[in-house]
Amino acid sequence: MIECVFTLDYEIYGNGTGALNELVYEPTENLLRVFEKWDARFVNYVEVSEFEMIEAAGTDAAIRMVKQQVKEMHQRGYEIALHLHPQWYNARFAHGQWELDYTEYNLCTLPQPRIAEIVDRSVNYLCDMVDDRKFSPISFRAGNWLFQPTENAARELSRRGLRIDSSVFKGGLQRNHELDYRPAMKNGYYWPFSSDVNVPDPLGQWLELPIYAEMVRPWKMATSKRMGMGGNVKGSGGSFGKKVNRALDFLRLGYPLKFDFCRMTLAELTSMMDRVIALDRRDPDTRKPIVAIGHSKDLNDLQTVDAFLAFLREKKIPVVTFENLFAHVPEFIHSN
């Protein structure tokens with residue numbers, strides 16, 4: 001059985017540039033219209049740290065519209081989830097631009113008291129955004145997908161009620177940040193875990209639902225649509241050593257192509273899903289939650305999203321959220 005989960009990273013560019021109206025509010029409004037047409041819902045990964053800091057500094061008046069949009073999405077049944085780039089919390093706005101604190105780039109490598117402080121702060125602000133102090137998100141995605149080393153961050157996030165992660169993409173490798181999701185390639189479509197997101201643990205209180213990816217030749221990443229999207233800076237420096245490491249991340253026989261509904265063409269999306277459908281015909285009893293990723297800043301081709309939702313409807317593949325899976329499917333329910 002196949003189910004498709006659309007997830008949206010709701011944020012401006014990773015270096016702190018960009019306007020909220022152009023990169024967050026308006027593209028998401030357009031996406032909502034497409035999903036409403038198909039009576040479907042997606043998971044909105046709200047990058048709370050940047051929104052809190054932008055609001056506190058008063059640098060973008062559109063923050064009011066963004067907060068209202070998140071509140072209305074919550075009321076209309078869209079899942080509101082926690083996304084976090086911790087380098088924002090010590091950021092300074094000076095000379096018309098944000099200076100981010102890249103020493104806190106990876107939440108998982110920070111001291112545990114700092115992790116706890118950031119988790120509490122971020123969940124509290126998300127409650128403020130949905131205007132519900134009792135709200136508790138169940139799903140998390142790490143900034144730049146960095147959920148390693150897992151244990152301390154998972155412990156603090158679970159203390160605030162989070163139980164599902166979707167940071168992993170099988171085959172992922174970032175030498176500069178010591179991210180290595182290659183061991184996860186031997187896992188199934190989802191798995192419980194505890195102290196290491198790569199390692200299934202039947203007794204784990206966490207559930208990993210990875211961003212779906214296929215291993216492809218590196219040059220297949222260089223499509224015209226993908227190369228035409230610029231400005232998505234996700235890094236903490238450009239030293240020679242870091243550039244070499246990044247090149248080495250690509251220079252391997254297979255590279256993970258994420259199931260990205262913003263960066264892939266309709267032909268790529270449907271071809272990838274056709275391969276999943278073929279696998280499902282051979283093994284229909286295995287539940288297959290297929291997680292797609294997109295970014296609000298990349299949402300410039302709504303026609304493709306609309307056509308892909310039509311394709312899923314034709315193939316009778318339901319579009320669900322993590323909350324749907326966690327609440328209604330027995331094998332997704334864990335003690336919490």
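Please treat every number below as a calculation from the coordinates, not as lab data. Source: prediction; values computed, not measured. We place every Cβ from the backbone using ideal geometry, glycine too, and count neighbours over all the protein chains shown.
Legend: ranking of residues Glu22, Glu104 from fewest to most surrounding C-beta atoms inside 10 Å; resulting order Glu22, Glu104.
Residue exposure proxy: Met129, Met185, ordered by other Cβ atoms within 10 angstrom of their Cβ from fewest to most, comes out as Met185, Met129. Across the alpha-carbon set of segment 90-208, the Rg to Rh ratio works out to 1.00, Rh being the Kirkwood radius.
Averaging 1/r over every pair of different alpha carbons in segment 1-116 and inverting the result gives a Kirkwood radius of 15.4 Å.
Assuming charge only on the beta carbon of Lys and Arg (+1) and of Asp and Glu (-1), the dipole of segment 74-186 about its Cα centre is about 380 debye to the nearest 20. Ordering Arg92, Arg282 from the fewest to the most neighbouring beta carbons within 10 Å gives Arg282, Arg92.
Think of the chain as having a plus end and a minus end, set by charges on the Cβ of Lys, Arg, Asp and Glu; of Cys127, Ala153, Ser166, Ser166 sits farthest toward the positive end of this dipole. Only Lys, Arg, Asp and Glu carry charge here, each on its Cβ (+1 for the first two, -1 for the last two); on that basis the chain has a dipole of about 880 debye about its Cα centre. Taking 1.567 mPa s as the viscosity and 4 °C as the temperature, the Stokes-Einstein diffusion coefficient of the chain based on its alpha-carbon Kirkwood radius rounds to 64 µm²/s. Placing unit charges on each Cβ (+1 for Lys and Arg, -1 for Asp and Glu) gives segment 2-332 a dipole about its Cα centre, and among Pro27, His85, Pro289 the Cα reaching farthest toward its positive end belongs to Pro289.
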